[in-house]
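The values are calculated or read from the model by the stated rules, or taken from the named source; none is laboratory data. In this text the structure is predicted, and so the values were computed from the model without any measurement. All Cβ positions, even for glycine, are placed from backbone atoms using ideal geometry, and neighbour counts span all protein chains on display. The accessibility values were calculated without ligands, DNA or RNA, using every heavy atom of the protein model including side chains. Shrake-Rupley method; radii C 1.70, N 1.55, O 1.52, S 1.80 Å.
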Amino acid sequence: QVSSNLMIILSIETSCDETALALVEADLSHESEQKFKIIGHELYSQTELHAKYGGVFPVMAKREHEKNLIPLLNKLLEEPNFSESGILNQESETKEKITKILERESELQKQFLEYLPNLGKPPIDAIAVTVGPGLEPCLWTGINFARALAYIWDLPIVPTNHMEGHIFSVLATEHGEQKTITYPALSLLVSGGHTELVYCKSQGSYEIIGRTKDDAVGEAFDKVARILGLPYPGGPQISALADEARRSANHESRIMNHEWKLPRPMLHSKDLNFSFSGLKTAVLYTVKKIPDLTLEIKKMLALEFEEAVVEVLTTKTKSALTQYETKSLIVGGGVIANKSIRTSLSKLAKEFGIEFCVPTKSLSTDNAIMLGIAGLINFKAGKSQRADAELRANGNLNLGA
Ligand code: KG4
Ligand code: ZN
(Lines give C-alpha, C1' and ligand atoms only; values in the text may rest on other atoms or scores of the structure.)
(Ligands and ions follow the chains in the order given, each with its own letter.)
Protein backbone atom coordinates (compact mmCIF):
# COMPACT_ATOMS: atom_id res chain seq x y z
CA GLN A 1 0.00 0.00 0.00
CA VAL A 2 2.98 2.33 -0.21
CA SER A 3 3.23 3.82 -3.68
CA SER A 4 0.60 1.96 -5.64
CA ASN A 5 -2.28 2.40 -3.18
CA LEU A 6 -3.58 -1.00 -4.16
CA MET A 7 -6.26 -1.95 -1.71
CA ILE A 8 -8.66 -4.79 -1.15
CA ILE A 9 -12.06 -4.43 0.45
CA LEU A 10 -14.37 -7.13 1.81
CA SER A 11 -18.00 -6.18 1.20
CA ILE A 12 -21.08 -7.48 2.97
CA GLU A 13 -24.63 -7.20 1.63
CA THR A 14 -27.64 -8.43 3.64
CA SER A 15 -30.26 -5.72 3.07
CA CYS A 16 -33.00 -7.97 1.69
CA ASP A 17 -33.10 -11.63 0.68
CA GLU A 18 -29.64 -12.06 -0.81
CA THR A 19 -26.70 -12.89 1.43
CA ALA A 20 -23.61 -11.74 -0.44
CA LEU A 21 -19.89 -11.21 0.14
CA ALA A 22 -17.20 -10.00 -2.23
CA LEU A 23 -13.51 -9.13 -2.37
CA VAL A 24 -12.82 -6.21 -4.69
CA GLU A 25 -9.44 -4.67 -5.42
CA ALA A 26 -8.60 -1.25 -6.81
CA ASP A 27 -5.62 1.00 -7.23
CA LEU A 28 -6.90 4.23 -5.75
CA SER A 29 -3.85 6.35 -6.46
CA HIS A 30 -4.98 7.57 -9.89
CA GLU A 31 -8.02 9.77 -10.14
CA SER A 32 -9.06 8.71 -13.60
CA GLU A 33 -7.97 5.11 -13.61
CA GLN A 34 -10.10 3.36 -11.08
CA LYS A 35 -10.22 -0.20 -12.24
CA PHE A 36 -12.15 -2.47 -9.96
CA LYS A 37 -10.94 -6.02 -10.00
CA ILE A 38 -13.22 -8.68 -8.57
CA ILE A 39 -11.06 -11.13 -6.60
CA GLY A 40 -13.99 -13.25 -5.55
CA HIS A 41 -17.65 -13.15 -4.68
CA GLU A 42 -20.25 -15.37 -3.07
CA LEU A 43 -24.00 -15.04 -3.12
CA TYR A 44 -26.76 -17.07 -1.56
CA SER A 45 -30.23 -16.18 -2.77
CA GLN A 46 -33.12 -16.91 -0.43
CA THR A 47 -35.75 -16.55 -3.13
CA GLU A 48 -36.70 -20.22 -3.09
CA LEU A 49 -37.53 -20.04 0.60
CA HIS A 50 -39.51 -16.80 0.27
CA ALA A 51 -41.31 -18.04 -2.85
CA LYS A 52 -43.19 -20.50 -0.62
CA TYR A 53 -44.67 -17.58 1.30
CA GLY A 54 -45.13 -15.23 -1.67
CA GLY A 55 -42.78 -12.56 -0.32
CA VAL A 56 -39.96 -11.74 2.07
CA PHE A 57 -40.53 -11.93 5.82
CA PRO A 58 -37.78 -9.90 7.53
CA VAL A 59 -37.35 -12.18 10.57
CA MET A 60 -37.04 -15.26 8.38
CA ALA A 61 -34.62 -13.47 6.05
CA LYS A 62 -32.49 -12.38 9.02
CA ARG A 63 -32.25 -15.98 10.25
CA GLU A 64 -31.10 -17.10 6.80
CA HIS A 65 -28.41 -14.40 6.69
CA GLU A 66 -27.20 -15.57 10.11
CA LYS A 67 -26.95 -19.15 8.89
CA ASN A 68 -25.16 -18.37 5.64
CA LEU A 69 -22.59 -15.68 6.38
CA ILE A 70 -19.85 -17.91 7.86
CA PRO A 71 -20.12 -20.64 5.16
CA LEU A 72 -19.95 -17.94 2.46
CA LEU A 73 -16.97 -16.25 4.13
CA ASN A 74 -15.22 -19.59 4.39
CA LYS A 75 -15.69 -20.18 0.66
CA LEU A 76 -14.67 -16.65 -0.25
CA LEU A 77 -11.41 -16.81 1.67
CA GLU A 78 -10.53 -20.00 -0.21
CA GLU A 79 -10.28 -18.03 -3.47
CA PRO A 80 -7.07 -18.90 -5.34
CA ASN A 81 -4.24 -16.36 -4.93
CA PHE A 82 -5.81 -15.13 -1.77
CA SER A 83 -4.18 -16.50 1.32
CA GLU A 84 -4.61 -15.81 4.96
CA SER A 85 -1.62 -15.63 7.23
CA GLY A 86 -0.87 -15.58 10.93
CA ILE A 87 -2.81 -17.06 13.79
CA LEU A 88 -5.37 -14.79 15.32
CA ASN A 89 -5.53 -13.90 18.94
CA GLN A 90 -7.66 -16.56 20.61
CA GLU A 91 -7.70 -15.06 24.09
CA SER A 92 -10.85 -15.18 26.10
CA GLU A 93 -11.10 -11.40 25.77
CA THR A 94 -11.53 -11.78 22.00
CA LYS A 95 -14.24 -14.38 22.46
CA GLU A 96 -16.05 -12.22 24.98
CA LYS A 97 -16.00 -9.26 22.65
CA ILE A 98 -17.34 -11.33 19.71
CA THR A 99 -20.03 -12.79 21.96
CA LYS A 100 -21.10 -9.26 22.87
CA ILE A 101 -21.05 -7.85 19.32
CA LEU A 102 -23.17 -10.76 18.07
CA GLU A 103 -25.50 -11.01 21.06
CA ARG A 104 -28.59 -10.41 18.91
CA GLU A 105 -27.60 -12.89 16.20
CA SER A 106 -27.38 -16.09 18.21
CA GLU A 107 -26.97 -18.48 15.28
CA LEU A 108 -24.22 -16.36 13.74
CA GLN A 109 -22.60 -15.92 17.15
CA LYS A 110 -22.38 -19.69 17.63
CA GLN A 111 -20.95 -20.30 14.16
CA PHE A 112 -18.50 -17.40 14.46
CA LEU A 113 -17.04 -18.66 17.75
CA GLU A 114 -16.67 -22.16 16.30
CA TYR A 115 -15.03 -20.82 13.16
CA LEU A 116 -12.64 -18.45 14.98
CA PRO A 117 -9.75 -20.94 15.43
CA ASN A 118 -9.65 -21.49 11.63
CA LEU A 119 -9.57 -17.81 10.80
CA GLY A 120 -6.26 -16.21 9.84
CA LYS A 121 -5.59 -12.60 8.87
CA PRO A 122 -6.34 -12.10 5.16
CA PRO A 123 -4.75 -9.27 3.12
CA ILE A 124 -7.82 -7.04 3.40
CA ASP A 125 -7.62 -3.28 4.06
CA ALA A 126 -11.21 -2.42 4.95
CA ILE A 127 -14.72 -3.83 5.28
CA ALA A 128 -17.73 -2.28 3.50
CA VAL A 129 -21.20 -3.08 4.75
CA THR A 130 -24.69 -2.04 3.66
CA VAL A 131 -26.26 0.12 6.40
CA GLY A 132 -29.45 0.98 4.47
CA PRO A 133 -31.91 1.22 2.91
CA GLY A 134 -33.43 -2.23 3.41
CA LEU A 135 -35.01 -4.50 6.00
CA GLU A 136 -33.64 -3.40 9.36
CA PRO A 137 -33.29 -6.81 11.06
CA CYS A 138 -31.34 -7.99 8.01
CA LEU A 139 -29.17 -4.89 7.85
CA TRP A 140 -28.25 -5.31 11.53
CA THR A 141 -27.00 -8.85 10.91
CA GLY A 142 -24.63 -7.62 8.20
CA ILE A 143 -23.50 -4.70 10.33
CA ASN A 144 -22.76 -6.81 13.40
CA PHE A 145 -20.92 -9.36 11.26
CA ALA A 146 -18.81 -6.52 9.83
CA ARG A 147 -18.11 -5.20 13.33
CA ALA A 148 -17.03 -8.62 14.57
CA LEU A 149 -14.65 -9.14 11.63
CA ALA A 150 -13.31 -5.58 11.83
CA TYR A 151 -12.61 -6.13 15.51
CA ILE A 152 -10.62 -9.35 15.11
CA TRP A 153 -8.75 -8.14 12.02
CA ASP A 154 -8.35 -4.58 13.30
CA LEU A 155 -9.75 -2.97 10.14
CA PRO A 156 -11.78 0.16 9.38
CA ILE A 157 -15.44 -0.11 8.32
CA VAL A 158 -16.97 1.76 5.39
CA PRO A 159 -20.74 2.20 5.93
CA THR A 160 -22.32 1.91 2.48
CA ASN A 161 -25.66 2.90 0.97
CA HIS A 162 -27.31 0.07 -0.98
CA MET A 163 -28.69 2.45 -3.66
CA GLU A 164 -25.25 3.97 -4.19
CA GLY A 165 -24.14 0.37 -4.73
CA HIS A 166 -26.72 0.02 -7.50
CA ILE A 167 -25.36 3.22 -9.12
CA PHE A 168 -21.75 2.01 -9.00
CA SER A 169 -22.74 -1.49 -10.19
CA VAL A 170 -22.14 -0.10 -13.70
CA LEU A 171 -18.40 0.19 -12.96
CA ALA A 172 -17.84 -3.53 -12.41
CA THR A 173 -15.78 -5.12 -15.13
CA GLU A 174 -15.81 -8.79 -15.98
CA HIS A 175 -12.95 -8.93 -18.46
CA GLY A 176 -10.65 -6.27 -17.09
CA GLU A 177 -11.84 -3.50 -19.43
CA GLN A 178 -12.03 0.06 -18.13
CA LYS A 179 -15.42 1.45 -17.24
CA THR A 180 -16.11 5.01 -16.16
CA ILE A 181 -19.01 7.34 -15.51
CA THR A 182 -18.91 10.80 -17.08
CA TYR A 183 -20.56 13.41 -14.88
CA PRO A 184 -22.99 15.07 -14.56
CA ALA A 185 -25.12 11.94 -14.73
CA LEU A 186 -28.75 11.01 -14.26
CA SER A 187 -29.51 7.72 -12.50
CA LEU A 188 -32.73 5.80 -12.78
CA LEU A 189 -32.86 3.29 -9.92
CA VAL A 190 -35.55 0.65 -10.11
CA SER A 191 -35.72 -2.18 -7.60
CA GLY A 192 -38.10 -4.04 -5.31
CA GLY A 193 -38.07 -1.21 -2.79
CA HIS A 194 -37.17 1.85 -4.85
CA THR A 195 -38.04 3.81 -7.95
CA GLU A 196 -36.11 7.04 -8.14
CA LEU A 197 -34.45 9.49 -10.46
CA VAL A 198 -31.22 10.78 -8.96
CA TYR A 199 -29.21 13.65 -10.37
CA CYS A 200 -25.46 13.21 -9.79
CA LYS A 201 -23.64 16.44 -10.51
CA SER A 202 -20.32 14.82 -9.68
CA GLN A 203 -19.16 11.55 -8.13
CA GLY A 204 -20.79 11.15 -4.71
CA SER A 205 -23.22 14.07 -5.07
CA TYR A 206 -26.87 13.02 -5.12
CA GLU A 207 -30.15 14.86 -5.52
CA ILE A 208 -33.34 12.85 -5.68
CA ILE A 209 -35.42 14.65 -8.32
CA GLY A 210 -38.23 12.10 -8.65
CA ARG A 211 -39.53 9.05 -6.84
CA THR A 212 -42.54 6.80 -6.51
CA LYS A 213 -45.41 8.05 -4.40
CA ASP A 214 -46.54 4.53 -3.53
CA ASP A 215 -45.28 1.14 -4.78
CA ALA A 216 -41.82 0.63 -6.24
CA VAL A 217 -41.80 -0.70 -9.78
CA GLY A 218 -40.29 -4.06 -8.72
CA GLU A 219 -42.99 -4.33 -6.08
CA ALA A 220 -45.61 -3.75 -8.80
CA PHE A 221 -44.04 -6.53 -10.90
CA ASP A 222 -44.15 -8.85 -7.87
CA LYS A 223 -47.76 -7.97 -6.98
CA VAL A 224 -49.03 -8.29 -10.55
CA ALA A 225 -47.30 -11.66 -10.78
CA ARG A 226 -49.14 -12.76 -7.66
CA ILE A 227 -52.47 -11.58 -9.14
CA LEU A 228 -51.70 -13.72 -12.21
CA GLY A 229 -50.87 -16.69 -10.00
CA LEU A 230 -47.12 -16.62 -10.73
CA PRO A 231 -44.44 -17.31 -8.10
CA TYR A 232 -42.22 -14.77 -6.28
CA PRO A 233 -40.14 -12.89 -7.41
CA GLY A 234 -42.52 -11.84 -10.15
CA GLY A 235 -40.26 -9.64 -12.27
CA PRO A 236 -38.54 -12.39 -14.24
CA GLN A 237 -41.85 -14.30 -14.59
CA ILE A 238 -43.74 -11.34 -16.04
CA SER A 239 -40.76 -10.59 -18.28
CA ALA A 240 -40.78 -14.11 -19.70
CA LEU A 241 -44.55 -14.15 -20.32
CA ALA A 242 -44.43 -10.74 -21.98
CA ASP A 243 -41.65 -11.96 -24.28
CA GLU A 244 -43.74 -14.92 -25.32
CA ALA A 245 -46.73 -12.68 -26.02
CA ARG A 246 -44.52 -10.37 -28.08
CA ARG A 247 -43.52 -13.30 -30.24
CA SER A 248 -47.11 -14.26 -31.01
CA ALA A 249 -48.68 -11.92 -33.55
CA ASN A 250 -51.59 -9.55 -33.23
CA HIS A 251 -51.35 -8.74 -29.54
CA GLU A 252 -52.18 -5.04 -30.01
CA SER A 253 -55.57 -5.75 -31.49
CA ARG A 254 -56.35 -8.37 -28.88
CA ILE A 255 -55.58 -5.97 -26.07
CA MET A 256 -57.90 -3.39 -27.61
CA ASN A 257 -60.66 -5.90 -28.34
CA HIS A 258 -60.69 -7.20 -24.81
CA GLU A 259 -60.48 -3.79 -23.19
CA TRP A 260 -57.25 -4.78 -21.52
CA LYS A 261 -55.62 -1.44 -22.04
CA LEU A 262 -53.96 -0.53 -18.75
CA PRO A 263 -53.37 3.02 -17.49
CA ARG A 264 -50.00 4.84 -17.65
CA PRO A 265 -50.07 6.49 -14.20
CA MET A 266 -48.72 10.05 -13.93
CA LEU A 267 -47.45 9.97 -17.50
CA HIS A 268 -48.41 13.60 -18.04
CA SER A 269 -47.86 14.95 -14.54
CA LYS A 270 -45.53 17.96 -14.53
CA ASP A 271 -43.18 16.54 -11.88
CA LEU A 272 -40.74 13.63 -12.13
CA ASN A 273 -42.58 11.37 -9.70
CA PHE A 274 -44.05 7.93 -10.32
CA SER A 275 -47.01 5.92 -9.08
CA PHE A 276 -47.49 2.20 -9.64
CA SER A 277 -50.15 1.14 -7.20
CA GLY A 278 -53.01 2.20 -9.54
CA LEU A 279 -51.51 0.15 -12.35
CA LYS A 280 -51.42 -2.93 -10.13
CA THR A 281 -55.05 -2.31 -9.07
CA ALA A 282 -56.06 -1.95 -12.72
CA VAL A 283 -54.61 -5.41 -13.39
CA LEU A 284 -56.55 -6.77 -10.42
CA TYR A 285 -59.88 -5.34 -11.68
CA THR A 286 -59.21 -6.57 -15.19
CA VAL A 287 -58.48 -10.08 -13.92
CA LYS A 288 -61.67 -10.09 -11.83
CA LYS A 289 -63.70 -9.53 -15.00
CA ILE A 290 -62.12 -12.46 -16.81
CA PRO A 291 -63.97 -15.73 -16.11
CA ASP A 292 -61.22 -18.02 -17.38
CA LEU A 293 -57.68 -16.73 -16.87
CA THR A 294 -55.85 -18.84 -19.43
CA LEU A 295 -52.09 -18.81 -20.01
CA GLU A 296 -52.70 -16.89 -23.26
CA ILE A 297 -54.55 -14.15 -21.40
CA LYS A 298 -51.84 -14.03 -18.73
CA LYS A 299 -49.25 -13.48 -21.44
CA MET A 300 -51.27 -10.61 -22.95
CA LEU A 301 -51.72 -8.96 -19.57
CA ALA A 302 -48.03 -9.39 -18.70
CA LEU A 303 -47.12 -7.72 -22.00
CA GLU A 304 -49.54 -4.84 -21.54
CA PHE A 305 -48.32 -4.32 -17.96
CA GLU A 306 -44.67 -4.36 -19.03
CA GLU A 307 -45.38 -1.89 -21.82
CA ALA A 308 -47.15 0.46 -19.43
CA VAL A 309 -44.09 0.37 -17.13
CA VAL A 310 -41.66 0.90 -20.03
CA GLU A 311 -43.65 3.89 -21.26
CA VAL A 312 -43.86 5.57 -17.85
CA LEU A 313 -40.18 4.98 -16.96
CA THR A 314 -38.97 6.15 -20.37
CA THR A 315 -41.17 9.25 -20.51
CA LYS A 316 -40.19 10.43 -17.01
CA THR A 317 -36.50 9.77 -17.63
CA LYS A 318 -36.76 11.70 -20.90
CA SER A 319 -38.38 14.57 -19.09
CA ALA A 320 -35.54 14.59 -16.51
CA LEU A 321 -32.94 14.55 -19.30
CA THR A 322 -34.50 17.62 -20.91
CA GLN A 323 -34.51 19.47 -17.59
CA TYR A 324 -31.01 18.59 -16.35
CA GLU A 325 -27.65 18.99 -18.05
CA THR A 326 -26.40 15.39 -18.32
CA LYS A 327 -23.55 13.49 -19.95
CA SER A 328 -24.54 9.95 -18.93
CA LEU A 329 -27.62 7.96 -18.10
CA ILE A 330 -26.99 5.38 -15.37
CA VAL A 331 -29.57 2.68 -14.80
CA GLY A 332 -29.50 0.20 -11.94
CA GLY A 333 -31.55 -2.03 -9.64
CA GLY A 334 -33.13 -5.45 -10.05
CA VAL A 335 -35.83 -4.30 -12.47
CA ILE A 336 -33.21 -3.17 -14.99
CA ALA A 337 -32.61 -6.88 -15.63
CA ASN A 338 -35.78 -6.52 -17.74
CA LYS A 339 -34.81 -6.50 -21.41
CA SER A 340 -37.58 -4.22 -22.69
CA ILE A 341 -36.82 -1.61 -20.03
CA ARG A 342 -33.08 -1.75 -20.76
CA THR A 343 -33.62 -1.48 -24.50
CA SER A 344 -36.00 1.45 -24.27
CA LEU A 345 -33.68 3.42 -21.94
CA SER A 346 -30.64 2.66 -24.04
CA LYS A 347 -32.45 4.07 -27.08
CA LEU A 348 -33.32 7.15 -25.06
CA ALA A 349 -29.67 7.74 -24.16
CA LYS A 350 -28.75 7.41 -27.83
CA GLU A 351 -31.44 9.93 -28.74
CA PHE A 352 -29.84 12.43 -26.34
CA GLY A 353 -26.32 11.57 -27.48
CA ILE A 354 -25.20 10.63 -23.97
CA GLU A 355 -23.44 7.60 -22.53
CA PHE A 356 -25.56 4.69 -21.35
CA CYS A 357 -24.19 3.03 -18.21
CA VAL A 358 -25.82 -0.28 -17.36
CA PRO A 359 -24.71 -3.19 -15.16
CA THR A 360 -24.48 -6.69 -16.54
CA LYS A 361 -27.70 -8.62 -15.94
CA SER A 362 -26.26 -10.56 -13.00
CA LEU A 363 -25.09 -7.36 -11.30
CA SER A 364 -28.51 -5.70 -11.71
CA THR A 365 -30.02 -7.64 -8.84
CA ASP A 366 -28.55 -7.44 -5.34
CA ASN A 367 -24.93 -8.49 -4.95
CA ALA A 368 -21.86 -7.58 -2.91
CA ILE A 369 -19.60 -6.59 -5.82
CA MET A 370 -21.45 -3.31 -6.29
CA LEU A 371 -21.12 -2.68 -2.55
CA GLY A 372 -17.39 -3.31 -2.72
CA ILE A 373 -17.00 -0.72 -5.48
CA ALA A 374 -19.09 1.82 -3.58
CA GLY A 375 -17.05 0.99 -0.47
CA LEU A 376 -13.72 1.58 -2.23
CA ILE A 377 -14.93 4.91 -3.63
CA ASN A 378 -16.16 6.01 -0.21
CA PHE A 379 -12.99 4.82 1.46
CA LYS A 380 -11.01 7.00 -0.91
CA ALA A 381 -13.30 9.91 -0.04
CA GLY A 382 -12.37 9.43 3.63
CA LYS A 383 -15.70 7.94 4.70
CA SER A 384 -14.42 5.05 6.79
CA GLN A 385 -14.65 4.65 10.54
CA ARG A 386 -12.96 2.68 13.29
CA ALA A 387 -14.26 -0.81 14.03
CA ASP A 388 -15.53 0.27 17.46
CA ALA A 389 -17.27 3.48 16.32
CA GLU A 390 -21.06 3.56 16.43
CA LEU A 391 -22.78 2.05 13.42
CA ARG A 392 -26.53 1.79 12.94
CA ALA A 393 -28.89 0.27 10.41
CA ASN A 394 -31.24 2.70 8.70
CA GLY A 395 -34.03 1.02 6.76
CA ASN A 396 -35.05 4.31 5.13
CA LEU A 397 -31.62 5.71 4.36
CA ASN A 398 -31.77 8.20 1.46
CA LEU A 399 -29.12 9.01 -1.10
CA GLY A 400 -27.57 12.39 -0.43
CA ALA A 401 -28.73 12.35 3.19
O1 KG4 B 1 -32.36 -4.71 -6.63
P2 KG4 B 1 -33.11 -5.93 -6.25
O3 KG4 B 1 -32.43 -7.26 -6.47
O4 KG4 B 1 -33.52 -5.91 -4.75
C5 KG4 B 1 -33.93 -4.74 -4.11
O6 KG4 B 1 -33.04 -3.98 -3.68
O7 KG4 B 1 -35.16 -4.55 -4.06
O8 KG4 B 1 -34.51 -5.90 -7.05
C9 KG4 B 1 -35.43 -6.94 -6.93
C10 KG4 B 1 -36.64 -6.62 -7.79
C11 KG4 B 1 -37.80 -7.59 -7.58
O12 KG4 B 1 -38.98 -6.85 -7.39
C13 KG4 B 1 -37.85 -8.38 -8.88
O14 KG4 B 1 -39.15 -8.82 -9.23
C15 KG4 B 1 -37.33 -7.36 -9.88
O16 KG4 B 1 -36.30 -6.70 -9.18
N17 KG4 B 1 -36.83 -7.99 -11.09
C18 KG4 B 1 -37.35 -7.77 -12.32
C19 KG4 B 1 -36.64 -8.61 -13.22
N20 KG4 B 1 -35.69 -9.29 -12.50
C21 KG4 B 1 -35.82 -8.89 -11.21
N22 KG4 B 1 -38.36 -6.97 -12.73
C23 KG4 B 1 -38.67 -6.97 -14.04
N24 KG4 B 1 -38.06 -7.74 -14.95
C25 KG4 B 1 -37.03 -8.56 -14.59
N26 KG4 B 1 -36.43 -9.31 -15.52
ZN1 ZN C 1 -31.24 -3.68 -4.49
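Brief remarks follow.
- For the range 312-370: Kirkwood Rh in Å [reciprocal of mean 1/r, alpha carbons]: 11.9
- From most to least packed by mean Cβ count within 10 Å, the peptides 316-323, 347-354 give 316-323, 347-354.
- Cα-Cα pairs of the range 33-110 separated by more than 22 Å (percent): 48
- Spin-label pair Ala240-Glu78: with each label point 7 Å from Cα along the Cα-Cβ axis, the two points sit 3.0 nm from one another.
- Residue-by-residue Karplus 3J(HN,Hα) for the range 93-108, coefficients 6.51, -1.76, 1.60, Hz, glycine and proline x: 4, 4, 4, 4, 5, 4, 4, 5, 4, 9, 5, 8, 10, 4, 5, 5
- Counting all C-alpha pairs of the chain, share separated by more than 36 Å (%): 28
- For the listed residue pairs Lys35/Lys383; Lys270/Lys298; Lys35/Lys327; Lys179/Lys280, the alpha carbons are over 25 angstrom apart in Lys270/Lys298; Lys179/Lys280.
- Magnitude of the charge dipole for the chain, about its Cα centre and with charges confined to Cβ atoms of Lys, Arg (+1) and Asp, Glu (-1), is about 1120 debye.
- Beta bridges by DSSP in the chain, antiparallel share as percent, to the nearest 5: 60
- Whole-percent carbon and sulfur share, accessible surface of the chain, 1.4 Å: 50
- Once the C-beta distance of Lys339 and Lys67 is scaled by a Förster radius of 35 Å, the resulting FRET efficiency is 0.55 to the nearest 0.05.
- Accessible surface area normalised per residue over the range 1-156 is 46 Å², counting heavy atoms of protein chains with a 1.4 Å rolling probe.
- In order along the range 391-399, phi translates into HN-Hα couplings of 9, 10, 7, 9, x, 10, 3, 9, 5 Hz, rounded to whole numbers, per the Karplus curve 6.51 cos²θ - 1.76 cosθ + 1.60 with θ = phi - 60° and x for Gly and Pro.
- At the residue level, Tyr285 shows approximately 130 square angstrom of accessible surface with a 1.4 angstrom probe and all protein chains present.
- With helices as the sole contributors, the chain gives -13500 deg cm²/dmol at 222 nm; each DSSP H run of n ≥ 4 counts as -39500 (n - 2.57), and the sum is divided by every residue.
- Three-way shape call for the range 143-226 based on the alpha-carbon gyration tensor, with the a/c threshold at 1.5: oblate
- If you wrap the Cα atoms of the range 68-199 in a convex hull and average its projected area over all directions, you get 9.9 nm².
- By the Cα gyration tensor, the range 262-331 has an equivalent ellipsoid whose semi-axes, rounded to whole angstrom, run 31, 13, 7 from largest to smallest.
- Sites Lys270 and Glu93, calculated FRET efficiency, Cβ-Cβ separation with R0 56 Å, nearest 0.05: 0.35
- Rounded accessible area of Leu135 (nearest 10 Å², 1.4 Å probe): 50
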